[in-house]
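Read through the structure below, which is laid out as structure tokens, and then see the notes.
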């Protein structure tokens, strides 16, 4: 059975009980190219290969898709909140044009030294989203590219799926060698494909205990 051939409403009926309640996405390094000097404009926002198609595919699950992103460039005075809003309006427009959607965006604007509760690896943004959207975080997925994303997901109780498109790919690959249950895949497209494989096997996407039994390690990038 190829789930990719099903229309959204049929897919929803077929595997609704196995789907997560929501999918959280990191931004830099997961959707777009991560820059050491921060993404400061629409011109510097470059989608990673396959990211738009992956979000479009993910949108077919008919569950909330929520962006969770640290943007300390605001707190550092490098960009303004309005500039970040413009970048995110561009992001959402491109996603819509590709047939996908981003349903909500949660931003931490603080510098690391400010000690806020929302900057990843703390789970504050996830907790806020869960409260707003009435989600059980144990039934949600977080797709990210960094150790901070992984730890935020774990702190919130989400199922983490890590991708190798960010600057911490090597660190994640080393961690995956020690933690065989860690789901580590090549990119966002591979993360969505991992979810499809779980569903086609009749396995809950957020059932962490069955990851090894399902052969998740064979899908690492």
Does residue 76 satisfy the criteria of being at pLDDT 95 or above, surrounded by 15 or more Cβ atoms within 10 Å (Cβ to Cβ) and on the phi < 0 side of the Ramachandran plot?
no
If I ask for residues that are under 22 Å from residue 121 (Cβ atoms) and assigned to a helix (DSSP H, G or I), which ones from the stretch 198-210 would you list?
208
Kindly state which strands (runs of 3 or more DSSP E) lie completely within the stretch 110-197 and contain at least 2 residues that are touching a helix residue (DSSP H, G or I) at 6+ places or on another chain (Cβ under 6 Å) and over 16 Å from residue 69 (Cα atoms).
183-185
The lone exception for residue 124 - which of (1) touching a strand residue (DSSP E or B) at 6+ places or on another chain (Cβ under 9 Å); (2) at positive phi; (3) free of Cβ contacts under 8 Å to residues at least 40 places away in the same chain it fails:
(2)
Subset tally (residues that are touching a strand residue (DSSP E or B) at 6+ places or on another chain (Cβ under 7 Å), in a helix (DSSP H, G or I) and over 24 Å from residue 186 (Cβ atoms)) for the stretch 34-87
1
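The values are calculated or read from the model by the stated rules, or taken from the named source; none is laboratory data. Keep in mind that what you see is a predicted model, and the values were worked out from it rather than measured. Neighbour counts are summed over all protein chains in view; Cβ atoms, including those assigned to glycine, are modelled from backbone coordinates with ideal geometry.
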